[in-house]
Amino acid sequence: MLKFLLVTLGGAIGSGARYLCASTLQTATGSGFPVGTLAVNVIGSFLICAIMHLGITANVISPAWRLFLTTGMMGGFTTYSAFDYDTYRYVQQGAWAPAALNVGLTLAACFLAGMAGDAVARLIA
């Protein structure tokens with residue numbers, strides 16, 4: 001039951017953080033491109049890799065905190081379903097270039113952010 005509560009609380013915090021971050025960035029850029037969704041996915045990719053390194057490899061984060069931070073917070077913070085919908089909307093409109101750009105940027109940026117998160121965590125512990 002404790003694990004369930006950790007994931008639920010983390011998910012609520014992550015979802016709220018996603019809303020604030022994504023909507024603020026989207027409003028600030030005024031872009032028609034889903035900058036907010038891309039940003040939270042890249043930030044989340046960085047953080048989840050850093051957290052996992054610190055938790056599993058360096059043993060700096062306990063299993064309970066790791067569950068709260070990754071499955072809970074990062075699960076609520078990152079937005080695959082929003083990414084999918086944003087891309088699908090482009091395809092429905094026949095806007096294949098922005099759809100491909102969204103897929104390419106998301107995959108490349110999130111992968112690189114994950115590598116960076118792990119690298120930073122290795123410097124820490």
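The values are calculated or read from the model by the stated rules, or taken from the named source; none is laboratory data. Values in this document were obtained by computation on a predicted structure and should not be read as measured data. In this analysis, Cβ positions are derived from the backbone assuming ideal geometry, glycine residues included, and neighbour counts consider all displayed protein chains. With ligands, DNA and RNA removed, areas are computed over all heavy atoms of the protein, side chains included. Shrake-Rupley method; radii C 1.70, N 1.55, O 1.52, S 1.80 Å.
A compact table of results
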{"quantity": "Residues located in the stretch 76-100, provided they are without any contact (Cβ under 8 Å) to a residue 12 or more places away in the chain and in a helix (DSSP H, G or I)", "calculated": "81, 84, 85, 88, 89, 91, 92, 96, 97, 100"}
{"quantity": "Qualifying positions in the stretch 4-32 - open to solvent by 60 Å² or more (accessible area, probe 1.4 Å) and out of contact with any helix residue (DSSP H, G or I) (no Cβ under 6 Å at 6 or more places or on another chain)", "calculated": "4, 5, 8, 9, 12, 19, 20, 24, 27, 28, 30, 32"}
{"quantity": "Subset of the stretch 33-42 that is in contact (Cβ under 8 Å) with a residue 12 or more places away in the chain and surrounded by fewer than 20 Cβ atoms within 10 Å (Cβ to Cβ) - its residue that is farthest from residue 91 (Cα to Cα)", "calculated": "39"}
{"quantity": "Single residue of the stretch 76-91 satisfying the filter (modelled with pLDDT of 95 or more and over 20 Å from residue 45 (Cβ atoms)) that is surrounded by the fewest Cβ atoms within 10 Å (Cβ to Cβ)", "calculated": "91"}
{"quantity": "Residue within the stretch 101-108 that is open to solvent by less than 20 Å² (accessible area, probe 1.4 Å) and in contact with a Cys (Cβ under 8 Å, 6 or more places away or on another chain) present", "calculated": "no"}
{"quantity": "Filter pass, residue 73 being open to solvent by 30 Å² or more (accessible area, probe 1.4 Å) and under 20 Å from residue 10 (Cα atoms)", "calculated": "yes"}
